[in-house]
Amino acid sequence: MIIKPKIRGFICTTAHPAGCAAHVNRQINYIKESTSIQGAKKVLVIGASTGYGLASRIAASFGLGADTIGVSYERPASEGRTASAGWYNTVAFERAARAAGYIAESINGDAFSHEIKQETLKLVKEKLGKVDLIVYSVASPRRTHPDTGETFNSVLKPIGQSFSNKTVNTNTGVVSEITLEPATQEEIENTITVMGGEDWSLWLKALEEADLLAEGVTTLAYSYIGPEITEAIYRKGTIGQAKNDLEATAHTLTKQLERYHGKAYVSVNKALVTQSSSAIPVVPLYISLLFKVMKEKGLHEGCIEQAQRLFETLYSGSTVETDEEGRIRLDNWEMRDDVQQAVKAAWSEITTENVSELGDLEQYRLDFLQLFGFGFDEIDYELDVNPEVDTTL
Ligand code: NAI
């Protein structure tokens, strides 16, 4: 089958297996060329197939030399439909990691469920023994609670009052004004249930009960703060409430991990194009302006550069540098005064006519296509490929 991108709004419904493998391999090569770090050797990544989770898994194997188990929720190919990008990424990662001599096992299913947790624990016990790093990088629009069976949906809305700002349709390049109505109390609570810290702490509890936490264990989850431009929709919006909950969970988990001399951290990462961030109104326009400024200043990073910097922060010094709230700040370059001043100045002027000049919409679009395995020069997209890649190696 000849696979081309089919973009519907902010999702692409097709993915290219060879392109996804190219994406994974580029990230592996970046890590191989970076300074290697002494750190965790047995790593569990929950939300391991795309974005920050995939980059963390790659950096763990090829940078730290770790064996990994990854949990994700992806769609295999069926009846002429391609698999999801995360499915192809996982196959490509496993192949490369195994070829390099590392254990790489993956579980595909709902990480929020008791069943997948139990299945994972069994695999961890069998293949890794105790784990010394657990990365929690799940981003999901919904969660079925494992105890009640009730399904909660998260929303991306402001709180208290409506919010109007500029946004861009990244496909057409049209900049327009968007108004978002405030969330109800129930929507706020549901978003916390989906994207807050409860599931992270349930994973740690399950691992502890199964006696699978190693001495000195570290666990990480990812958060975002961002600038004033996106504050109403992000940090002071429903998702921000969930991130506050996630960050509070890190403190609770650190207390629980004291007996292992372990620690839970939230790392505040940079805004990047991922399947999750492209769904947030206003944010893609901010990202395209940010990319332009950060590239001009030589500060641009993607998920893999952030993952490398994260492990350097975590494992290179005798202490881990954090902010006053104990968070690792990988967004420090994004939040630099000169960067934010430049973005703010461009923001006030941005229109459909000048968006390509003031912003880096081209890079945004390329990054978006590459999430699904498209836009790689080394891939011939006219070639007939089998969407059902062989997962039995
Ligand atoms: P992503 O959409 O690329 O990855 C989400 C991962 O979660 C995938 O591996 C997916 O398979 C997995 N997943 C989703 N639902 C699942 C379920 N029910 N069971 C098992 N796995 C499931 O997202 P991204 O952007 O990498 O986000 C990861 C974390 O990083 C999130 O906490 C996000 O808020 C945070 N973050 C993202 C930033 C960005 O700009 N993209 C910036 C800073 C933090």
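The values are calculated or read from the model by the stated rules, or taken from the named source; none is laboratory data. Small disclaimer: the values here were computed from a predicted structure and weren't measured. Every residue, glycine among them, receives a Cβ derived from its backbone with ideal geometry; neighbour counts consider all protein chains shown.
Inside the range 295-315, can you point out the residues that are hydrophobic (A, V, I, L, M, F, W, C), part of a helix (DSSP H, G or I) and more than 13 Å from the ligand (Cβ to nearest atom)?
Start the filter on the range 295-315 by keeping residues that are hydrophobic (A, V, I, L, M, F, W, C), which leaves 299, 303-304, 307, 310-311, 314.
When the remaining residues are screened for being part of a helix (DSSP H, G or I), the result is 303-304, 307, 310-311, 314.
Across the range 295-315, the qualifying residues are Phe311, Leu314.
The condition of being of a type in the set (Ser, Thr, Tyr), more than 17 Å from Glu334 (Cβ to Cβ) and buried (at least 20 other Cβ atoms within 10 Å of the Cβ) holds for only one of Thr238, Thr230, Thr254, that being Thr238.
Return yes or no: is Leu285 assigned to a helix (DSSP H, G or I) and more than 10 Å from the ligand (Cβ to nearest atom)? Full working, then the answer.
Numbers: assigned to a helix (DSSP H, G or I): yes; more than 10 Å from the ligand (Cβ to nearest atom): yes.
Spelling it out, Leu285 is indeed assigned to a helix (DSSP H, G or I) and more than 10 Å from the ligand (Cβ to nearest atom).
Checked across the range 315-327, the condition of being under 25 Å from Ala40 (Cβ atoms) and aliphatic (A, V, I, L, M) holds for at least one residue. Return a yes/no flag: does the range 44-54 have any residue that is more than 28 Å from Thr313 (Cβ to Cβ), within 14 Å of the ligand (Cβ to nearest atom) and surrounded by 21 or more Cβ atoms within 10 Å (Cβ to Cβ). Within the range 44-54 (the criterion being more than 28 Å from Thr313 (Cβ to Cβ), within 14 Å of the ligand (Cβ to nearest atom) and surrounded by 21 or more Cβ atoms within 10 Å (Cβ to Cβ)), the answer is no, since none of the residues qualifies. Filter the range 260-302 down to residues that are among the charged types (D, E, K, R) and within 18 Å of the chain's Cα centre (by Cα) and give me whichever is surrounded by the fewest Cβ atoms within 10 Å (Cβ to Cβ). For the range 260-302, the residue satisfying everything is Glu301. Those helices (runs of 4 or more DSSP H) of the range 319-393 in which 1 or more residues are in contact with a His (Cβ under 7 Å, 6 or more places away or on another chain) and surrounded by 11 or more Cβ atoms within 10 Å (Cβ to Cβ) occupy 361-371.
Restricting Ala83, Ala111, Ala60, Ala99 to residues that are out of contact with any helix residue (DSSP H, G or I) (no Cβ under 6 Å at 6 or more places or on another chain) and within 19 Å of Ile3 (Cβ to Cβ) narrows the list to Ala83. Checked against the criterion of being on the phi > 0 side of the Ramachandran plot, away from the ligand (no atom under 13 Å from the Cβ) and among the charged types (D, E, K, R), the candidates Asp132, Asp211 yield just one match: Asp211.
A single entry from Arg336, Arg327 fulfils the requirement of being within 16 Å of the ligand (Cβ to nearest atom) and at negative phi: Arg327. If only residues of the range 60-87 that are within 12 Å of the ligand (Cβ to nearest atom) and hydroxyl-bearing (Ser, Thr, Tyr) are counted, the one that is surrounded by the fewest Cβ atoms within 10 Å (Cβ to Cβ) is Tyr73.
Residue-wise test of (1) polar (S, T, N, Q); (2) modelled with pLDDT of 95 or more.
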{"site": "Lys4", "(1), (2)": "no, yes"}
{"site": "Ala18", "(1), (2)": "no, yes"}
{"site": "Ala22", "(1), (2)": "no, yes"}
{"site": "Thr35", "(1), (2)": "yes, no"}
{"site": "Ala40", "(1), (2)": "no, yes"}
{"site": "Leu44", "(1), (2)": "no, yes"}
{"site": "Thr50", "(1), (2)": "yes, yes"}
{"site": "Leu64", "(1), (2)": "no, yes"}
{"site": "Glu74", "(1), (2)": "no, yes"}
